[in-house]
Amino acid sequence: MIEIIDAERCTSCEICVSVCPTNVFDKTDGIPRIARQGDCQTCFLCELYCPEDALFVSPFADAPQEVDVAALKEAAVLGSYRRAVGWTDESRHLRDADRSYRLFGH
Amino acid sequence: MTNPSGRAEKLSGSAGSLVFGADVLVLGGGPAGTWAAISAAEHGARVVLADKGFCGTSGATAAAGTGVWYVDPDPERREAAMAGREKLGGHLQDRRWMTRVLDRTYAQSNRLADWGYPYPADEDGKSQRNSLQGPEYMRLMRKRTKQSGVTILDHAPALELLVDGSGVVAGAAGLRRQKGDRWAVNAKAVVIATGGCAFLSKTLGSNVLTGDGYLLAAEAGAEFTSMEFSNAYAISPAFGSVTKTLFYSWASFTDEQGSVIPGASSKGGRSVIARALRKGSVYAQLEEADAETQRHMRVSQPNFFLPFDRTGIDPFTQRFPITLRLEGTVRGTGGLRIIDDSCATTVPGLYAAGDAATRELICGGFTGGGSHNAAWAMSSGYWAGQGAAEFAYQLGSTNGRQAFRRGTVGLHSRNGRQLQPDVLTRNVQDEVFPYELNYFREAGRLGESLRRLDGLWSNASKAGPSDEQHLLRAREAAAMLATARWMYRSALARQESRGMHRRDDYPEQDDRYLHLVTTGGLDEVWTSARPLVSAQYSEAAE
């Protein structure tokens with residue numbers, strides 16, 4: 001489930017509010033609010049679309065988890081999915097790295 | 001012949017609502033919906049697309065990645081691609097549809113390349129087009145949909161269809177949940193591309209898929225088919241949402257003590273896993289993947305590794321607990337019945353595409369998960385969009401046409417009671433999640449479950465929403481309940497095991513059931529047998 005919108009990094013662009021398919025976030029005057037955490041389907045897409053690497057989705061789908069933001073930032077976990085998918089400038093070469101055709105037929 | 005100037009017209013609506021006039025309204029913004037919208041626009045229609053979530057991220061494809069049934073137009077390869085599935089599907093497929101889907105998928109996939117989709121090249125430099133990365137694919141599809149002149153309404157769930165005095169579909173109405181108001185689209189044709197129903201099981205990306213389109217189509221009189229092929233379960237870490245069953249073909253499966261579970265396998269042995277899960281925890285470890293395979297897995301499906309990397313588990317060297325999450329009709333094969341090559345339903349002006357439509361035509365009774373569903377979304381989306389645009393053109397002017405709302409359950413209270421969506425959702429999940437009810441089916445258990453579901457329906461059908469905030473949830477819960485009843489009534493009607501449908505009391509395939517099961521109805525759910533007659537479909541209108 002979505003656990004964190006990091007106040008230091010968030011620029012209130014509200015992309016997460018728009019792109020969340022299950023409408024978990026609400027707009028505010030400042031950073032968006034995780035208004036309906038229980039509706040999070042743990043699809044990681046808000047994290048992927050966040051241009052500031054301000055969000056963290058815990059992999060636990062059925063229950064909220066305590067998370068240590070400082071440690072996550074220290075370990076560069078925030079934004080790790082976006083980098084792996086090739087959606088950052090330095091990882092663009094990964095956009096066509098799909099090797100599924102080598103895995104089918106197993 | 002794109003028509004970017006032919007945008008849907010914004011009409012003046014009553015206070016608190018947004019009203020559009022359009023030729024074609026597409027409900028759902030996943031692969032099928034976006035292909036339908038683009039196709040309708042390319043055939044000259046003014047199009048509105050309304051998505052419950054956000055077109056580009058919502059649906060089963062966007063969050064994941066998918067294989068695509070993309071086969072080079074080589075007669076031998078095509079023959080093998082079709083023949084390979086016929087036994088699995090219990091010989092319920094239609095060769096003519098398989099052929100046209102293979103042709104259309106080939107064409108649409110190649111258009112994606114023209115539009116800039118970054119297909120990988122293999123060692124020989126050949127572009128490989130039988131797989132798509134969900135986020136990348138659907139980001140591109142949103143862009144192309146907008147460029148086609150389609151008006152997109154995000155976070156705009158449809159609540160009910162509109163029909164004219166003769167029962168012809170005339171649009172739909174719904175909510176704009178982030179604006180707190182209502183929308184209505186007066187349209188000459190509607191495409192249902194709202195996906196299947198996974199019952200809020202948190203199988204990856206599927207929690208927007210609650211059968212909403214089924215319910216509103218049924219209220220207008222639409223029929224369903226192959227709803228008994230609805231017992232797909234996917235493997236995921238016990239704690240997580242990432243269902244990527246393909247990768248478990250490199251797994252060993254063990255019990256609490258670490259003993260290998262005999263016969264457990266991702267393919268052909270998933271029922272063994274389901275039986276073991278009824279007794280206790282089951283663990284997997286992807287120990288059969290060599291270093292090269294591990295590298296391919298990492299770059300092909302980065303999200304598969306998020307649950308592991310973020311919990312410090314190495315899935316290749318460590319055991320982790322798994323579960324099976326219900327995928328229902330998302331990776332089953334049933335859905336709205338299609339009556340001709342344009343993907344028309346039994347309701348005039350109403351078309352169906354993608355997982356909302358039946359995939360029996362290419363999958364028979366076996367799961368179409370992944371490749372076949374992706375190919376079907378592209379193909380049926382294209383045809384439904386074209387068919388809807390042509391229907392709208394034939395209809396001509398609809399000035400002065402009256403539209404009537406067809407929504408029932410959860411919208412208006414007829415008995416003063418309020419529908420409690422969360423309670424109803426849990427009640428429905430209790431009937432469809434358990435393996436002993438849905439995975440392993442048997443007349444007595446199915447019958448008992450149906451009695452409980454019918455009881456829930458008779459309580460819910462006359463109840464209204466508790467308040468505006470719960471309107472969508474009430475409709476979703478009602479749609480899941482209706483879907484469960486069509487599934488189980490159809491499952492009872494098929495007294496054999498065929499394709500993915502397995503009956504403990506009838507473990508063998510029985511050729512007396514070499515037909516399709518049609519179902520429908522709301523207060524009274526009915527089924528009937530329909531013969532396999534490929535000739536019943538009219539010739540291609542293309």
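Odds and ends about this structure:
- Tallying residues that are more than 9 Å from chain B (Cβ to nearest Cβ) and assigned to a loop (DSSP other than H, G, I, E, B) within the range A:36-58 yields 6.
- Flag for B:Pro302 being open to solvent by 10 Å² or more (accessible area, probe 1.4 Å), more than 26 Å from A:Asp98 (Cβ to Cβ) and within 14 Å of chain A (Cβ to nearest Cβ): no
- Taking the conditions (1) within 12 Å of chain B (Cβ to nearest Cβ); (2) surrounded by 14 or more Cβ atoms within 10 Å (Cβ to Cβ); (3) assigned to a loop (DSSP other than H, G, I, E, B) in turn, A:Cys10 satisfies each one other than (1).
- Taking the range B:107-129 as the range and being open to solvent by 40 Å² or more (accessible area, probe 1.4 Å), of a type in the set (Asp, Glu) and in a loop (DSSP other than H, G, I, E, B) as the test, the residues that pass are B:Glu123, B:Asp124.
- Selection within the range B:278-299 - surrounded by fewer than 21 Cβ atoms within 10 Å (Cβ to Cβ) and closer than 20 Å to B:Tyr119 by Cα: B:Thr293, B:Arg295, B:His296, B:Arg298, B:Val299
- Verdict on B:Ser413 being outside any helix (DSSP H, G or I), touching a strand residue (DSSP E or B) at 6+ places or on another chain (Cβ under 9 Å) and at pLDDT below 95: yes
- Whichever residue in the range B:34-93 is over 25 Å from B:Gln147 (Cα atoms) and of a type in the set (Gly, Ala, Ser) and, among such residues, is farthest from the other protein chains (Cβ to nearest Cβ): B:Gly90
- Counted as qualifying within the range B:1-75 are the strands (runs of 3 or more DSSP E) with 1 or more residues that are touching a residue at least 12 places away in the same chain (Cβ under 8 Å) and among the acidic types (Asp, Glu), namely B:9-11, B:17-27.
- Here A:Ala97 does not qualify as farther than 19 Å from B:Gly205 by Cα and more than 7 Å from chain B (Cβ to nearest Cβ).
- Unique match (being at pLDDT 95 or above and within 12 Å of chain B (Cβ to nearest Cβ)) among A:Ala61, A:Ala76: A:Ala61
- Residue ID - surrounded by the most Cβ atoms within 10 Å (Cβ to Cβ), chosen from residues in the range B:76-94 that are assigned to a helix (DSSP H, G or I) and within 22 Å of the chain's Cα centre (by Cα): B:Arg85
- Restricting the range A:63-80 to residues that are assigned to a loop (DSSP other than H, G, I, E, B) and free of Cβ contacts under 8 Å to residues at least 24 places away in the same chain, the residue that is surrounded by the most Cβ atoms within 10 Å (Cβ to Cβ) is A:Val77.
- So A:Thr28, is it facing chain B (nearest Cβ under 10 Å) and not in a helix (DSSP H, G or I): no
For every residue, the table says whether it meets (1) in contact with a Leu (Cβ under 8 Å, 6 or more places away or on another chain); (2) in contact (Cβ under 8 Å) with a residue 24 or more places away in the chain; (3) not acidic (Asp, Glu).
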site	(1), (2), (3)
B:Thr225	yes, yes, yes
B:Ser230	no, yes, yes
B:Tyr233	yes, yes, yes
B:Phe247	yes, yes, yes
B:Trp250	yes, yes, yes
B:Gly263	no, no, yes
B:Gly269	no, no, yes
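- Hits in the range B:104-137 (condition: acidic (Asp, Glu) and either facing chain A (nearest Cβ under 9 Å) or more than 19 Å from B:Thr34 (Cα to Cα) (or both)): B:Asp122, B:Glu123, B:Asp124, B:Glu136
The values are calculated or read from the model by the stated rules, or taken from the named source; none is laboratory data. Note that this is a predicted model, so its numbers are computed, not measured. Ideal geometry is used to build each Cβ from the backbone, glycine not excepted, and the neighbour counts take in all protein chains shown. To get the accessible areas, we keep the full protein, side chains included, count just its heavy atoms, and leave off ligands, DNA and RNA. Shrake-Rupley method; radii C 1.70, N 1.55, O 1.52, S 1.80 Å.
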